[in-house]
1. Which one, Ala114, Leu131, Ala144, is farthest towards the positive end of the dipole of the stretch 110-203 when Lys and Arg carry +1 and Asp and Glu -1 on their Cβ?
2. Taking 7 Å along the Cα-to-C-beta vector as the label spot, tell me the Val215-Leu75 distance in nanometres, rounded to one decimal.
3. Tell me the Kirkwood radius of the stretch 216-331: reciprocal of the mean inverse pair distance over distinct alpha-carbon atoms, in Å.
4. Quick check: residue separation of Asn87 and Arg28 times 0.36 nm, minus the Cα distance between them. What number comes out in nm?
5. Please name whichever of Met303, Ala266, Pro287 sits farthest to the positive end of the charge dipole of the stretch 211-305, dipole taken about the Cα centre and charges placed at Cβ: Lys and Arg +1, Asp and Glu -1.
6. For the stretch 23-170, what is Rg from Cα atoms divided by 2.2 N^0.38 Å, rounded to two decimals?
7. Starting with the highest mean, order 115-121, 184-190, 256-262 by the number of other Cβ atoms within 10 Å, averaged over the residues of each peptide.
8. Take the chain, drop everything but the C-alpha atoms, weight them equally and run the Debye formula without solvent; then report log10 I(q)/I(0) at 0.06, 0.12 Å⁻¹ to two decimals.
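A short reminder: the numbers here are calculations on the coordinates, not readings from a lab. Bear in mind that the values here come from a model prediction, so they are computed numbers and not experimental data. Here the Cβ positions follow ideal geometry from the backbone for every residue, glycine too, while neighbour counts run over all protein chains shown.
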Amino acid sequence: MEMDWLWTNAILVLLAYVLDLGLGDPRRFPHPVVAIGRFISFMEKGLRKWCRGPLPERIAGVIITGVVVSVVFFLTREIICLLGAGNVYWGHLAAVYFLYTSFSLRSLEEHLRAVELPLKKGDLPGARRALALVVGRDTENLTASEITRAALESLAENTGDGVIAPLFYAFIGGAPLAMAYKAANTLDSMLGYKNDRYLYFGWAAARFDDLVNLVPARLTALFLLFAALCRGKLKFLQIRDFFNTLSREGKKHLSPNSGYPEAAAAFLLQVRLGGKSFYRGIASARPVLNAPGRSPLSRDLKMLRSLVKTAAALALLTGAGLSFLVWSFGG
């Protein structure tokens, strides 16, 4: 890999990040993730005609995961190369657009504010409706504290999926690798359910998503720590307690990754997360994270949103700084 690519790519990532902050998800332009979702649905429909039973469904799941991620990676790369063949700036423009659609910081901010504002006004029905657009659990009968808990858990987890992980892969492999990550994430969101339909068919998608989020999830917790330190919300003497809590609580979660950013948020806000939730009327009990903490309050949403924005900025600057250092010494 040429060293010049690292610095050019870092600039493109910065531009894409600024676009996401300013514009949010593109609503009037084609969104690659929508196309990825349609491709997954098309492949699933075709493969299910030939696959019946646990083993064939597992094999089909491996096939669809490998094909979708590979096609998205190589197609993104070829589009950028083809457009850049005549004029390099067209290739850069395409790369920026792909990168921009892989980030979702502005979207996270908007969705969580939509929950936070009615909560502050005491409008529980409005907060429940807004939360239903963000989480998969039942929201009809949630109390104010339960709404806040669900929103905090969603924000902590999705900070990894929607911000830190795309940044991580964008700095490593540019737009093609960032889009391949989004393909893996979309596969998991569409197929990674532990129900009769997807228990075997979605196994590979779920395991692959666990793998690609292994490092980003832990980086998310780390950057939340840095954000709290930068904003004076945590004392240096508490860093050891933070890592002790992270090590103990992070592994409690059913997911090998989601527990780490959630445990970090719980410690930094000094609240309890996890516990019982309902999905389509069926109770699902998750381990409580940071049990000594208090019940979440609506003001905690504002605090976590603030920490997330700072953490994202720190991750961006860290990636750009490391790219510059490698470029400087490698060049």
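1. Ala114
2. 2.6 nm
3. 15.4 Å
4. Values: separation 59, 0.36 × 59 = 21.24 nm, distance 2.54 nm.
So the chain would gain 18.7 nm between Asn87 and Arg28.
5. Checking the options against the dipole of the stretch 211-305, the answer is Met303.
6. Details: Rg = 19.6 Å, N = 148, 2.2 N^0.38 = 14.7 Å.
Compared with the compact-globule rule of thumb, the stretch 23-170 sits at 1.33.
7. Details: 115-121: 18.9, 184-190: 21.9, 256-262: 25.7.
Ranking the peptides 115-121, 184-190, 256-262 by packing returns 256-262, 184-190, 115-121.
8. The Cα Debye sum returns log10 ratios of -0.22, -0.89.
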